[in-house]
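The values are calculated or read from the model by the stated rules, or taken from the named source; none is laboratory data. Please read these numbers as outputs of a predicted model, since none were measured by experiment. We place every Cβ from the backbone using ideal geometry, glycine too, and count neighbours over all the protein chains shown.
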Amino acid sequence: MDRMTRAAAQAQRSAPAETKIRLVGAAKTFRVRGSELEALRPVDLEVGREEFVALVGPSGCGKSTILNLVAGLMAPSAGRVLYDGQEVTGPNRRVGYLTQKDTLLPWRATADNIRIALELKCRATPRAEASERVAEMMDLVGLKGFEHHYPAELSGGMRKRAALARTLIYEPETLLMDEPFGALDAQLKLLMLDQLQRLTQHRRMTVIFVTHDLGEAITLADRIVVISARPGRIRAIHDVRLERPRDVFKVRFTEGFARQHERLWDELKDDIAKGTDV
Amino acid sequence: MAEPVSASAPLAFAGNRFGGGSALARTLATPGGRIGARFGLVAILLLTWQFAPAGRATQFWLSSPSLIAGTLWQWIADGTLWVHLGATLQVMSEGYVAGCAAGISIGILLGLFPRVHRVLSPFLTGFYALPKIALAPLFIILLGVGDASKIALVAITVFFLVLTNTIDGVRDVDRDIIQSLTLMGATRMEVIRKVLLWAALPWIFMGMRIAVRYAFTNTLLAELIGANRGLGFLIEYHSGNFDITGAYAAIVVLVLCSVLMTELLTRLETRVSRWRH
Amino acid sequence: MIDRREPAQARDSVVVWQLALGVALLAAWEALGRSGGERWVSEPSLIAVKIWTWLGGSLYVHLWATVAELVVGFVIGTSLGILAGMIVGRSPGLATILRPIIVGLYSVPLVSLAPLFIMFLGWGLLPKIVLVAIVTFFLLFFNTFTGAERIDRDLVESMEIMGANRREIFRKVVAPAISVWIVGGMKIAVPYALVATVTGELLATRAGLGYLLSQATEQFDMTSIYAVLLILMVIGLLLSEAAARIERRVLRWRHAAE
């Protein structure tokens, strides 16, 4: 555990928890081929500043919908979505959103893809500095050497990592992540979880992290929100009572982890049995 | 769906899966054999044409390869061929460039403003359904018998083709990519510049490629209707004067020109797509 | 998945805009014509009157001529093209030898040979029918040929193993596979056939819409020119709609699978 992470952990414990994101009775209904699909029942959720919240639940239960609402890509059919106390009325530029499907630009090489956020006028960065940060990021996510490869030439896992680098490089204050590490093998996943924890703690990011992997959720999150399927609704919210900072590689062998896992698994397994693949 | 197949597709028939195959099949299995067979076929046709016994009337209508070759040679020697060929190519390229420029720029605009496109859509469909050659007389009245009317006709034909493809290209962009960039803080202009134009490029190129053929065809047709220069004019002039040999010679030039153009286009396309991948 | 606005409202406003635009254009045209430009642009009112007069009698002769040329030529060309395509496509020897020649010929714009046919066959309906037939023939021949060549050998063999005879294989495997290509060819051929008809008529004819067009051109009768253009536009639209409907019916199975 390095000093940087320990200091951040301390700071978090002493800072007052203001609400960063708030969903008040937010619900979402879609119109699909003439009939209505209720994706999300009214949901109340508060995410504090610099908090790491994990959303877990079976496929198709509305987890991504919640992220979309916070990102402002959708308007709620009912209720309100508040960011920093203000209602979200359009694309929310203060969040970084890592979607399930990576949206790398196929005609740009990987390094250029990662650079793109720094090219935009709203945060124009001099070329030299941008290149440096891109190199740093690529090293961080383990893509060193693939700068000139095109997305079509990368594996699924590598594309995910590139997308992650692209999102993190401009240090948004809030991070929304939709099953970012699903396609990675176990070892790489742990490495990425470790990196994510460091980065988000160091940069004091607020994170909403969607996953169906309980282990991931318990390892990283401060709170875990269990979501039930079809229609989506919050089933329970659990605090993760594991000490910070956590050793990503070893925490899964602790007793506290096991207990937390058991409790959550009991809640989830009925839902998983019921829910079928989308 | 009507794309020409490569002339060297693999031979699946030279013997079925259990071996064997006729002598013909075996000859055709070698590239030399194939070329030989084709030359043989063409040679037989030419020789029959040249030396088949026929009455005076038939001779008149049929002409003969030697006469045609003679006319062609004369055209090459005294420059007629180049004058007319040049005229056709010039009209074709000017109309093509004008049509592409207008088609791409307006296509991008309409792609960016889908509501405007939807309003205009039925009007565009109507124009699209009109056989453009019917506009030739109108353009001749409005713009004279010179190049301007022909260039206008070619330009309009190319315009509609390129327009449709460009609009499709701009609208085909993956919405999720646009969303990601917007979330990152890109302005509308930045999204257009960094995403839309790049994503639409393959469609634009496809439209431009298809348009070449139509540009050529419509240049010829315009020259048939009202012109004093060009390949189409040559065909019409000699046909009108019942100069069979001349008409055939002009057609030979047409065929050679078309084949050459298609071949060049195919090679260009292969080179371009290799670069993109 | 993003929200879409209520489609009903959006659709209504589009129609309103279209009507407004149409009316505005017609009004502007009318105004332009009346203010002295009628020698060049005519006026919608005059055009409407002219069409109305024609519909009273003299249009039908010409309409019939054009449609007859188109339909007869198309039918002949299509049938011969499909036949030839099947024969050559299923005979690998012929296919190989002829392929580059066919591909070469395909690149030639056959419509520009119109003067040749007029020279041979005169000013009547025949040269246009032949022209349309040839243009259609080549398109259908090429498409059928390509379709016939690409029949999946595995499909054919699996039917053979099941015990199907040649006729059954043809009906159950070859025909449906080729029909996709044939219908595709027909869709492309229809507008080309119209172009061929009009071109032939513009060059030399005694009857037909092209005749009306060239008459009007000689007399600088802009009204009639626009009237004919309008009629041709309608015909073009009807033809492509007909082709689209036929495609939908014939390829129902294909669309269902998508």
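Picking from A:159, A:204, A:166, which residue would you name as being within 22 Å of residue A:92 (Cα to Cα), charged (D, E, K, R) and crowded, with 19+ Cβ neighbours inside 10 Å?
Working: A:159 fails: within 22 Å of residue A:92 (Cα to Cα); A:204 fails: crowded, with 19+ Cβ neighbours inside 10 Å.
Answer to the selection: A:166.
Would you mind finding the one in C:134, C:161 that is closer than 30 Å to residue C:108 by Cα, among the aliphatic types (A, V, I, L, M) and within 14 Å of another protein chain (Cβ to nearest Cβ)? Let's see the steps before the verdict.
On the way: C:161 fails: closer than 30 Å to residue C:108 by Cα.
From the options C:134, C:161, the qualifying one is C:134.
From B:201, B:183, grab the single residue that is buried (at least 21 other Cβ atoms within 10 Å of the Cβ) and within 12 Å of another protein chain (Cβ to nearest Cβ).
B:183
Being small (Gly, Ala, Ser) and exposed (fewer than 14 other Cβ atoms within 10 Å of the Cβ) is the filter here, so list the residues in the stretch B:237-274 that pass it. Can you show your working first?
Going through the stretch B:237-274, the residues small (Gly, Ala, Ser) turn out to be B:239-240, B:246-247, B:249-250, B:258, B:273.
Across the stretch B:237-274, the qualifying residue is only B:273.
Identify all residues within the stretch A:89-109 that are of a type in the set (Ser, Thr, Tyr) and either surrounded by fewer than 22 Cβ atoms within 10 Å (Cβ to Cβ) or farther than 9 Å from residue B:183 by Cβ (or both); write none if there are none.
Answer for the stretch A:89-109, where residues must be of a type in the set (Ser, Thr, Tyr) and either surrounded by fewer than 22 Cβ atoms within 10 Å (Cβ to Cβ) or farther than 9 Å from residue B:183 by Cβ (or both): A:89, A:99, A:103.
Can you pull out the helices (runs of 4 or more DSSP H) entirely within the stretch A:170-278 that have at least 1 residues that are among the polar types (S, T, N, Q), in contact (Cβ under 8 Å) with a residue 40 or more places away in the chain and closer than 25 Å to residue A:69 by Cα?
Fully inside the stretch A:170-278 and qualifying: A:186-202.
How about the stretch C:12-45: which of its residues are farther than 26 Å from residue C:224 by Cβ and β-branched (Val, Ile, Thr)?
Within the stretch C:12-45, C:14, C:15, C:16 qualify.
Go through (1) away from chain C (no Cβ under 14 Å); (2) without any contact (Cβ under 8 Å) to a residue 24 or more places away in the chain; (3) crowded, with 21+ Cβ neighbours inside 10 Å and name the single condition residue B:146 misses.
For residue B:146, the exception is condition (3).
Scan the stretch A:53-94 for residues that are of a type outside the set (Gly, Ala, Ser), out of contact with any Leu (no Cβ under 8 Å at 6 or more places or on another chain) and in a loop (DSSP other than H, G, I, E, B) and jot them down.
Passing the criteria: A:61, A:74, A:84, A:89, A:94.
From the list C:212, C:202, C:239, which residue is more than 13 Å from residue B:130 (Cα to Cα), more than 7 Å from chain B (Cβ to nearest Cβ), in a helix (DSSP H, G or I) and among the aliphatic types (A, V, I, L, M)?
After applying the criteria, what remains is C:212.
Is it the case, given these coordinates, that residue A:104 is assigned to a loop (DSSP other than H, G, I, E, B), of a type in the set (A, V, I, L, M, F, W, C) and in contact (Cβ under 8 Å) with a residue 12 or more places away in the chain? Walk me through it before giving the result.
On the way: assigned to a loop (DSSP other than H, G, I, E, B): yes; of a type in the set (A, V, I, L, M, F, W, C): yes; in contact (Cβ under 8 Å) with a residue 12 or more places away in the chain: yes.
Considered against the rule, which asks whether it is assigned to a loop (DSSP other than H, G, I, E, B), of a type in the set (A, V, I, L, M, F, W, C) and in contact (Cβ under 8 Å) with a residue 12 or more places away in the chain, residue A:104 comes out as yes.
Which numbered condition trips up residue B:44, out of (1) within 28 Å of residue B:217 (Cβ to Cβ); (2) surrounded by fewer than 12 Cβ atoms within 10 Å (Cβ to Cβ)?
(1)
Can you work out which of the residues in the stretch C:196-234 that are in contact (Cβ under 8 Å) with a residue 60 or more places away in the chain, surrounded by fewer than 23 Cβ atoms within 10 Å (Cβ to Cβ) and aliphatic (A, V, I, L, M) is farthest from residue B:214 (Cα to Cα)?
So, considering only residues that are in contact (Cβ under 8 Å) with a residue 60 or more places away in the chain, surrounded by fewer than 23 Cβ atoms within 10 Å (Cβ to Cβ) and aliphatic (A, V, I, L, M), the one farthest from residue B:214 (Cα to Cα) is C:207.
Of the residues in the stretch A:119-132, how many are within 24 Å of residue B:178 (Cβ to Cβ) and modelled with pLDDT of 90 or more?
1
Which of the residues that make up the stretch B:95-133 are closer than 26 Å to residue B:173 by Cα, hydrophobic (A, V, I, L, M, F, W, C), in a helix (DSSP H, G or I) and without any contact (Cβ under 8 Å) to a residue 24 or more places away in the chain?
B:97, B:101, B:109, B:116, B:119, B:120, B:123
I'm told residue C:124 meets every condition in (1) assigned to a helix (DSSP H, G or I); (2) of a type outside the set (Val, Ile, Thr); (3) at pLDDT below 90 except one. Can you identify the failing condition by its number?
Here residue C:124 meets the rest and fails (1).
Tally the residues that are facing chain B (nearest Cβ under 8 Å) and surrounded by 16 or more Cβ atoms within 10 Å (Cβ to Cβ), restricting the search to the stretch A:110-123.
The number of residues fulfilling the criteria is 4.
Which count do you get for residues in the stretch B:219-233 that are over 18 Å from residue C:213 (Cα atoms), buried (at least 24 other Cβ atoms within 10 Å of the Cβ) and not hydroxyl-bearing (Ser, Thr, Tyr)?
Result for the stretch B:219-233: 4.
I want to confirm something. Restricting to the stretch B:208-251 and keeping residues that are among the aromatic types (Phe, Trp, Tyr) and within 15 Å of the chain's Cα centre (by Cα), which single residue is farthest from the other protein chains (Cβ to nearest Cβ)?
Looking at residues that are among the aromatic types (Phe, Trp, Tyr) and within 15 Å of the chain's Cα centre (by Cα), I get B:214.
If you check residue C:170 against the conditions, is it within 28 Å of residue C:81 (Cα to Cα), away from chain B (no Cβ under 11 Å) and not in a loop (DSSP other than H, G, I, E, B)?
Yes; evaluated as a whole, the condition is true for this residue.
Quick one: which residue in B:53, B:114 is under 30 Å from residue B:162 (Cα atoms) and surrounded by fewer than 17 Cβ atoms within 10 Å (Cβ to Cβ)? Don't jump to the end; show me each part of the working.
Values: B:53 fails: under 30 Å from residue B:162 (Cα atoms).
Residue meeting the stated conditions: B:114.
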